[in-house]
Amino acid sequence: MIQHKIRVLVAKPGLDGHDRGAKVVALALRNAGMEVIHTGLHQTVDQVVETGLQEDVDVIGLSILSGAHLPITKKLMARLKVEEMDDTAVLVGGNIPERDIPALQEMGVTAVFPTGSQFEEMVAVIEETVGSRTEV
Amino acid sequence: MTKKIRDVVLESGIPVKPVYGPEDLAGVDVAQEIGQPGEYPFTRGIHENMYRERPFTMRQYAGFGTPTETNERFKFLIDNGQNALNVAFDLPTQMGLDSHDPLAEGEVGRVGMAVDTLADMEVAFANIPIDKISVSLTINAVAAPIMAMYFAMAEKRGIATSQVRGTAQNDILKEYVGRGAWIFPVEPAVRLIGDTMEFCAHNAPKYYPVSVCGYHMREAGANPVQEIAYAYAIARHYIQVGLERGLQVDDFAGRISFNFDIFGNFFEQIAKFRAARRLWAKITRDEFGAQNPRTMKMKMIAGGGGGGLTIEQPENNIVRGAYYAMISALSGTQTMALCSYDEAYTIPTEKAALISLRTMQMLIEEMGVGDTVDPLAGSYYVESLTNEMEARMVAEMKRVDEEWGGIVKAVSEGMVQREVAHQAYRHEQGVQNGTIHKVGVNVHRQEEEERDVALHPYRVEQAEESIRRTAEVKAGRDEVAVAAALAGVRKTAVSGQNLMPSMMNAVRTYATLGEITSILKDVFGTFQEPVRL
């Protein structure tokens, strides 16, 4: 059986220009054997979803450092629903206060990785989530 | 029996001996290389007496929500002893979008204040004596219209443009590398900087139109040597642009200032700044033929450094702030600002901003750090490290030119960005595998931490307030005048002439930032980001 390489979209939605974390995570996931696509800055939610569709990704990772994570994630989850992309797992990282994590999870976000999260944990969560979704 | 000692290699790659001595200064020409403060090559400081005559300026970054709220925070800081302002604009403003723009949704007033028109600028500075208090505008891609608003506001208050003091950050090349608030492609973006420098050289000679930032590139992952090297490569390019406009180097280059970071190894940072002063003096004099010592003096804000602060055990960040402030003061900065202890959480609360202010004040009032100039001069370690840092900065600048084809090409094609991202990745690997120690993160952790950090609240209503206010301003405008002014902006953008006069016209009619920027986007296009990991 051919091992499916996990495809991850690392996205910078909204106007926030802080992309150190997103780039570092992208490199870490690539080094863990995943196929990583980085959107670059200033993406609209529509653009992120569009790219996710085109690139046929398993995971969309949102990186938001401006504090606008709740409105942006809400918009993204709604758009994914419209596109019927239920198989795409969503992760959120960045400047995420602990008190906002439940709200994000309620929106359907698989996991939240605030600043200081470990690469190992991200890789494990992704592998587990994607693994369980592609199981026949 | 040999004792076992730690290996120490600085971030810049310099190995550190356990003991330095006179032999490390053998061959150093003390008069030429260390010299006197206030004299070429300014290693010891750009002024003769430094803080003995006047302490460093304290300029905490501030701004959020509506201009009214920002005005209140400005007054709070001034009342508590801050003697200069540094204005934070929200992301829509930084990206040339009005508050009602769909792309601005969720972001209005979040990381800075929302400015759509000249009216907002007027409210922000109400009852603030801008002729006495220096104002720095942290604005880059749309520095030209925002500067125009500032000059127009000053004009309305009876301050002639020729008398306006202040600074605009206005350094677009670093945006592509480490801050991300870019809009236009590189060439027209740099053209705008040329326009502002030219305009100020002729019309606003007391204004500092450009502050080249190593800061954000360091925050993005650049090591201390690279921070200076890339900043100087950028500054050199801006000087070349000014010279191409027919300006004399001594007429404008002395009003390019710098913004540098202060977190990291204590002595590496201090040596970085001393080396940076000496190197800038050499570049301006030897490469550009500057004759006025003012041009050769590297003026800086040495502040921050968010990159060193942690989400874990946030009170530790108060102490880090104090250590970084010491670095900055011992390095002879002109201006200082500190990231507040809630840096990893939110923009600063009043309490957090006050602690930062007090940190700097205690340093001046109680610690005697300013009693004598460059007290570390002559230190075997510090002088040795200063020389080593300078050599590496020169080598890195050479690399930009010879390996990457110059800073403009390097930035346009993503080579600097890639280098910085890889440095950031290596650093993060070091933190995660424990080879780089961070207290509270990978050493001296508290698994059950009680993080009592009051978060600065985001008022959802203020976006609506901004939108409403702009609608009111628009309702009161002379639309014929606005249209004519905007047509003037378009014409000048296309013709290549200096855009500042038409910017001034436009902002005086209360044309919005979004209206002006749309025209520029239409004429210039938008930057295609080279994402190379």
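The values are calculated or read from the model by the stated rules, or taken from the named source; none is laboratory data. A quick note: this is a predicted structure, and the numbers were derived from the prediction, not measured. Counting neighbours? That spans all protein chains shown, and the Cβs are built from the backbone with ideal geometry, glycine included.
Tabulated values for the structure
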quantity: Verdict on B:Glu428 being buried (at least 17 other Cβ atoms within 10 Å of the Cβ), within 23 Å of B:Gln226 (Cβ to Cβ) and without any contact (Cβ under 8 Å) to a residue 24 or more places away in the chain; calculated: yes
quantity: Of all residues making up region B:31-48, the number that are over 21 Å from B:Gly303 (Cα atoms) and either among the charged types (D, E, K, R) or in a loop (DSSP other than H, G, I, E, B) (or both); calculated: 9
quantity: Every residue from region B:359-394 that is in a helix (DSSP H, G or I), among the hydrophobic types (A, V, I, L, M, F, W, C) and free of Cβ contacts under 8 Å to residues at least 60 places away in the same chain; calculated: B:Met362, B:Leu363, B:Ala391
quantity: Criterion (of a type outside the set (S, T, N, Q) and touching a strand residue (DSSP E or B) at 6+ places or on another chain (Cβ under 6 Å)) met by exactly one of A:Gly61, A:Gly108; calculated: A:Gly61
quantity: Residue within region A:33-44 that is over 14 Å from the mean Cα position of the chain (by Cα), within 18 Å of B:His422 (Cβ to Cβ) and small (Gly, Ala, Ser) present; calculated: no
quantity: Residue in region A:93-123 that is surrounded by the fewest Cβ atoms within 10 Å (Cβ to Cβ), counting only those that are over 24 Å from A:Val36 (Cα atoms) and within 12 Å of another protein chain (Cβ to nearest Cβ); calculated: A:Arg99
quantity: Within region B:402-430, considering residues that are out of contact with any Gly (no Cβ under 9 Å at 6 or more places or on another chain) and within 17 Å of B:Glu11 (Cα to Cα), the one farthest from the other protein chains (Cβ to nearest Cβ); calculated: B:Gly430
quantity: Residue in region A:1-26 that is nearest to the chain's Cα centre (by Cα), counting only those that are in a helix (DSSP H, G or I) and either more than 10 Å from every other protein chain (Cβ to nearest Cβ) or of a type in the set (Lys, Arg) (or both); calculated: A:Lys23
quantity: B:Gly96 modelled with pLDDT of 95 or more and touching an Asp or Glu at 6+ places or on another chain (Cβ under 9 Å); calculated: no
quantity: Residue in region B:396-407 that is surrounded by fewer than 21 Cβ atoms within 10 Å (Cβ to Cβ), of a type in the set (A, V, I, L, M) and at pLDDT 95 or above present; calculated: no
quantity: Criterion: modelled with pLDDT under 95, farther than 30 Å from B:Ile516 by Cβ and not aromatic (Phe, Trp, Tyr) - qualifying residue of B:Gln446, B:Gln462; calculated: B:Gln446
quantity: Residues of region B:368-389 that turn out to be in contact with a Lys or Arg (Cβ under 6 Å, 6 or more places away or on another chain) and of a type outside the set (A, V, I, L, M), as a count; calculated: 2
quantity: Sole exception among (1) assigned to a loop (DSSP other than H, G, I, E, B); (2) within 14 Å of chain A (Cβ to nearest Cβ); (3) without any contact (Cβ under 8 Å) to a residue 24 or more places away in the chain for B:Arg54, by number; calculated: (2)
quantity: Answer residue from region B:484-514, given it is crowded, with 21+ Cβ neighbours inside 10 Å, among the small types (Gly, Ala, Ser) and over 17 Å from B:Thr196 (Cβ atoms) and is farthest from the chain's Cα centre (by Cα) among those; calculated: B:Ala485
quantity: Test: residue in region B:200-210 that is under 30 Å from A:Gly14 (Cα atoms), at pLDDT 95 or above and within 21 Å of the chain's Cα centre (by Cα); calculated: yes
quantity: Single match in B:Glu472, B:Glu449, B:Glu515, B:Glu464 (criterion: over 30 Å from B:Thr117 (Cα atoms) and of a type in the set (Asp, Glu)); calculated: B:Glu449
quantity: In region A:60-88, the residues that are closer than 30 Å to B:Tyr458 by Cα and among the aliphatic types (A, V, I, L, M); calculated: A:Ile60, A:Leu62, A:Ile64, A:Leu65, A:Ala68, A:Leu70, A:Ile72, A:Leu76, A:Met77, A:Ala78, A:Leu80, A:Val82
quantity: Wholly within region B:238-296, helices (runs of 4 or more DSSP H) carrying at least 1 residues that are within 22 Å of the chain's Cα centre (by Cα) and more than 24 Å from B:Asn498 (Cβ to Cβ); calculated: B:266-282, B:293-296
quantity: Residue within region B:335-357 that is modelled with pLDDT under 95, farther than 20 Å from B:Asn80 by Cα, within 21 Å of the chain's Cα centre (by Cα) and surrounded by fewer than 22 Cβ atoms within 10 Å (Cβ to Cβ) present; calculated: yes
quantity: Hits in region B:190-219 - residues which are assigned to a helix (DSSP H, G or I) and within 14 Å of chain A (Cβ to nearest Cβ); calculated: B:Tyr215, B:His216, B:Met217, B:Arg218, B:Glu219
quantity: Any chance B:Ile5 is more than 16 Å from B:Val373 (Cβ to Cβ), in contact (Cβ under 8 Å) with a residue 12 or more places away in the chain, out of contact with any Pro (no Cβ under 9 Å at 6 or more places or on another chain) and of a type in the set (A, V, I, L, M); calculated: no
quantity: In region B:297-334, the residues that are at positive phi and under 20 Å from the mean Cα position of the chain (by Cα); calculated: B:Gly304, B:Gly332
quantity: Selection from region B:320-352 of residues that are touching a strand residue (DSSP E or B) at 6+ places or on another chain (Cβ under 7 Å), in a helix (DSSP H, G or I) and more than 22 Å from B:Glu48 (Cα to Cα); calculated: B:Gly321, B:Tyr324
quantity: Filter result (surrounded by fewer than 22 Cβ atoms within 10 Å (Cβ to Cβ) and either more than 21 Å from B:Pro92 (Cα to Cα) or within 9 Å of chain B (Cβ to nearest Cβ) (or both)) within region A:42-51; calculated: A:Thr44, A:Glu50, A:Thr51
quantity: Whichever residue in region B:443-461 is within 20 Å of B:Glu312 (Cα to Cα) and surrounded by 12 or more Cβ atoms within 10 Å (Cβ to Cβ) and, among such residues, is farthest from the other protein chains (Cβ to nearest Cβ); calculated: B:His444
quantity: Breaking point among (1) under 25 Å from B:Glu69 (Cβ atoms); (2) touching a Phe, Trp or Tyr at 6+ places or on another chain (Cβ under 9 Å), for B:Tyr341; calculated: (2)
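One line per residue, one yes/no per condition, for (1) within 12 Å of chain A (Cβ to nearest Cβ); (2) under 21 Å from the mean Cα position of the chain (by Cα); (3) free of Cβ contacts under 8 Å to residues at least 40 places away in the same chain:
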{"position": "B:Phe89", "(1), (2), (3)": "yes, yes, no"}
{"position": "B:Leu97", "(1), (2), (3)": "yes, no, no"}
{"position": "B:Val115", "(1), (2), (3)": "no, yes, no"}
{"position": "B:Met121", "(1), (2), (3)": "no, yes, no"}
{"position": "B:Val135", "(1), (2), (3)": "no, yes, no"}
{"position": "B:Asn140", "(1), (2), (3)": "yes, yes, no"}
{"position": "B:Asp171", "(1), (2), (3)": "no, yes, no"}
